[in-house]
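S.K.: Please read through the structure below; I'll follow up with questions.
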Amino acid sequence: MATNRTFTMIKPDGVENGHIGGILNMITEGGFKIVSLKLTQLTVADAQQFYAIHSARPFFGELVEFMTRGPIVAAILEKENAVEDFRTLIGATNPADAAEGTIRKKYAKSIGENAVHGSDSDENAAIEGAFHFSGREQF
Ligand code: CMP
């Protein structure tokens, strides 16, 4: 059964390029309530763990380097059918394929630096949210 929460990060490119406000605005305009929010930075160990599923991919080193090069914004979002609806809002992994009106269409530059993360399942949303936020930081 779908749960009502998902986890997102505004990736280092989105933060560096001054898009925190614009992306958060699209998220709230999209009907998501922000229940946790922080500016933080992943360590290499954090990124290797977070993206462990991609560890055999040729882009893994590049991905870890990118995700650790500067601050990210981490957030837990709430909405009915949150995981699926948020993946629709962010658009395809490759911004060249992202639909009009999506966050990646507007703010992402490449498949590697694609501005925003969205959990791919309810299970991962819970794991990723708990990685960044204690219970008292989830409102
Ligand atoms: P995301 O889907 O959020 O999580 C996995 C990330 O791996 C993806 O975003 C991209 O940032 C990155 N990625 C996926 N495919 C490629 C690729 N072909 N080259 C570089 N990075 C990629």
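S.K.: Say whether the condition of being more than 16 Å from the ligand (Cβ to nearest atom), at pLDDT 95 or above, over 20 Å from PHE66 (Cβ atoms) and not in a helix (DSSP H, G or I) is met by at least one residue in the stretch 127-134.
M.R.: Yes, there is a match, as at least one residue in the stretch 127-134 is more than 16 Å from the ligand (Cβ to nearest atom), at pLDDT 95 or above, over 20 Å from PHE66 (Cβ atoms) and not in a helix (DSSP H, G or I).
S.K.: Looking at GLU123, GLU62, which is the one that is without any contact (Cβ under 8 Å) to a residue 40 or more places away in the chain and of a type in the set (Asp, Glu)?
M.R.: Working: GLU62 fails: without any contact (Cβ under 8 Å) to a residue 40 or more places away in the chain.
Criteria check complete, one pass: GLU123.
S.K.: Scan the stretch 11-59 for residues that are in contact (Cβ under 8 Å) with a residue 60 or more places away in the chain and of a type in the set (Lys, Arg) and jot them down.
M.R.: LYS11, LYS38 - these are the residues of the stretch 11-59 that are in contact (Cβ under 8 Å) with a residue 60 or more places away in the chain and of a type in the set (Lys, Arg).
S.K.: Inside the stretch 55-68, can you point out the residues that are surrounded by fewer than 15 Cβ atoms within 10 Å (Cβ to Cβ) and either at pLDDT below 95 or within 27 Å of THR28 (Cβ to Cβ) (or both)?
M.R.: Narrowing the stretch 55-68 to residues surrounded by fewer than 15 Cβ atoms within 10 Å (Cβ to Cβ): 55-59, 61-62, 65.
Passing the criteria: none in range.
S.K.: Turning to a different aspect of this structure: Conditions first: (1) over 21 Å from ASP122 (Cβ atoms); (2) touching a strand residue (DSSP E or B) at 6+ places or on another chain (Cβ under 8 Å); (3) buried (at least 16 other Cβ atoms within 10 Å of the Cβ); (4) of a type in the set (D, E, K, R). LYS38 passes all but one, so which condition is the exception?
M.R.: (3)
S.K.: Could you list, in sequence order, all residues of the stretch 11-30 that are under 23 Å from ARG136 (Cα atoms) and in contact with a helix residue (DSSP H, G or I) (Cβ under 8 Å, 6 or more places away or on another chain)? Spell out the reasoning first.
M.R.: Applying the first criterion (under 23 Å from ARG136 (Cα atoms)) to the stretch 11-30 yields 24, 27-28.
Across the stretch 11-30, the qualifying residue is only ILE27.
S.K.: How about the stretch 1-118: which helices (runs of 4 or more DSSP H) wholly inside it have at least 1 residues that are more than 13 Å from the ligand (Cβ to nearest atom)?
M.R.: Where helices (runs of 4 or more DSSP H) fall fully within the stretch 1-118 and carry at least 1 residues being more than 13 Å from the ligand (Cβ to nearest atom), they are 12-16, 20-29, 44-50, 82-90, 103-107.
The values are calculated or read from the model by the stated rules, or taken from the named source; none is laboratory data. As the structure is a prediction and not an experimental result, all values here were calculated from the model. Using ideal geometry, Cβ is built from the backbone for each residue, glycine included, and neighbour counts are taken over all protein chains shown.
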